[in-house]
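First comes the structure, then the notes that go with it.
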Amino acid sequence: MSCGMMRGVTGRLMLLDTASLYFRAYFGVPDSVRAPDGTPVNAVRGLLDFIDRLVKDHRPDHLVACMDADWRPRWRVELIPSYKAHRVAEERPSGPDEEEVPDTLSPQVPVIGAVLDALGIARVGVAGYEADDVIGTYTARAGGPVDIVTGDRDLYQLVDDARGVRVLYPVKGVGTLNLVDEAALREKYGVDGRGYADLALLRGDPSDGLPGVPGIGEKTAAKLLAEFGDLAGIRSAVDDPKARLTPTQRKRLTEAAPYLALAPKVVRVADDVPLPDVGTALPHAPHDAAALDALADRWGLGGSLRRLLTTLTG
């Protein structure tokens with residue numbers, strides 16, 4: 001979607017971190033939920049149920065299912081080689097590496113895509129970028145409030161009360177959502193949205209293969225950010241003998257200088273992704289009713305799809 005079109009989107013925009021949510025659905029719904037031929041469809045049906053509840057409860061005007069066209073972009077790996085390295089199933093010399101995904105989830109991902117397309121829900125992934133970057137760019141260009149639905153705390157960095165940007169974070173499977181705004185971030189982490197990316201890269205994140213600064217945990221990172229404002233302020237303090245750093249902190253931050261120079265580009269989501277020109281309005285009728293009927297029969301989507309259709313068309 002072009003910048004000009006995005007600025008015209010002034011209603012409530014909901015952005016789904018789709019992979020994060022279908023992983024949650026897969027692990028939250030028993031794999032006894034199957035298609036007529038016995039193929040598990042727990043992730044498909046769980047995601048449809050989740051989207052149904054989201055639309056009912058939050059009534060977005062626009063909805064985008066953001067996709068990982070590349071879950072581990074090379075430009076991030078070149079900066080920090082450990083980035084998501086533990087989740088690689090197979091390295092590929094050209095194109096995205098293959099991610100470790102449970103055997104019964106992989107076949108459901110194309111079905112999820114086909115169902116979203118037939119419903120008319122915008123589905124956007126951009127080559128060379130993660131869904132986080134697509135979300136970051138839509139958020140930067142939005143002209144109205146934004147709800148980001150994700151099970152990934154990395155996206156807390158986009159929270160911005162002044163612009164009405166908040167995160168809806170699923171706590172138990174996909175049944176309960178925490179609403180994360182700046183007050184919630186300050187209470188839990190002592191930082192606002194902008195400060196969260198700095199906190200995360202100082203603390204590190206084993207789930208993403210980010211080492212962090214050895215010996216600097218979440219509480220110390222929050223204290224340093226409170227004292228010096230942001231990562232740039234902390235790095236300046238390292239070079240200032242009068243700055244209130246303990247000798248151990250100064251030593252650790254000095255040794256981590258090469259990492260701290262590169263990590264912000266890896267941790268901060270992009271806000272300049274070339275988005276495709278697609279309509280994002282919440283559909284009120286299926287884009288392809290015949291294809292949807294065929295998918296419902298083939299995969300036994302039953303009540304999950306019917307409920308979502310009722311919500312969209314009601």
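The values are calculated or read from the model by the stated rules, or taken from the named source; none is laboratory data. Predicted model, so just to flag it, every value in this text is computed and none were measured. All Cβ positions, even for glycine, are placed from backbone atoms using ideal geometry, and neighbour counts span all protein chains on display. Note: accessible area is taken over every heavy atom of the protein model, side chains too, but ligands, DNA and RNA are not part of it. Shrake-Rupley method; radii C 1.70, N 1.55, O 1.52, S 1.80 Å.
Summary table
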item	result
Greater than 28 Å apart at Cα, pairs in LYS56/LYS223; LYS84/LYS219; LYS219/LYS251	LYS56/LYS223
Taking the convex hull of Cα positions in the chain, its mean projected area over all directions (nm²)	16.8
For the chain, calculated [θ]222 nm from helices alone, where every DSSP H run of n ≥ 4 adds -39500 (n - 2.57)	-13500 deg cm²/dmol
Longest exposed-site-free window of the chain, the sites being GluC sites (Glu not before Pro) in a DSSP loop that have at most 16 other C-beta atoms within 10 Å	101-314
Where labels lie 7 Å past Cα in the beta-carbon direction, separation of HIS58 and ALA232 in nm	3.1
Tensor-based shape of the stretch 133-285 (alpha-carbon gyration tensor, a/c under 1.5 rounded, otherwise prolate or oblate)	prolate
Residue-level accessible surface for LYS265, protein heavy atoms, 1.4 Å, Å²	130
Exposure rank, largest accessible area first [LYS84, LYS223, LYS56; 1.4 Å]	LYS223, LYS56, LYS84
With DNA, RNA and ligands ignored, accessible area of ARG34 (1.4 Å probe; Å², nearest 10)	110
Sequence of ASP272, ASP288 from largest to smallest accessible area, 1.4 Å probe	ASP272, ASP288
Positive-end residue of PRO170, ALA114, VAL149, charge dipole of the stretch 111-224 with Cβ unit charges	PRO170
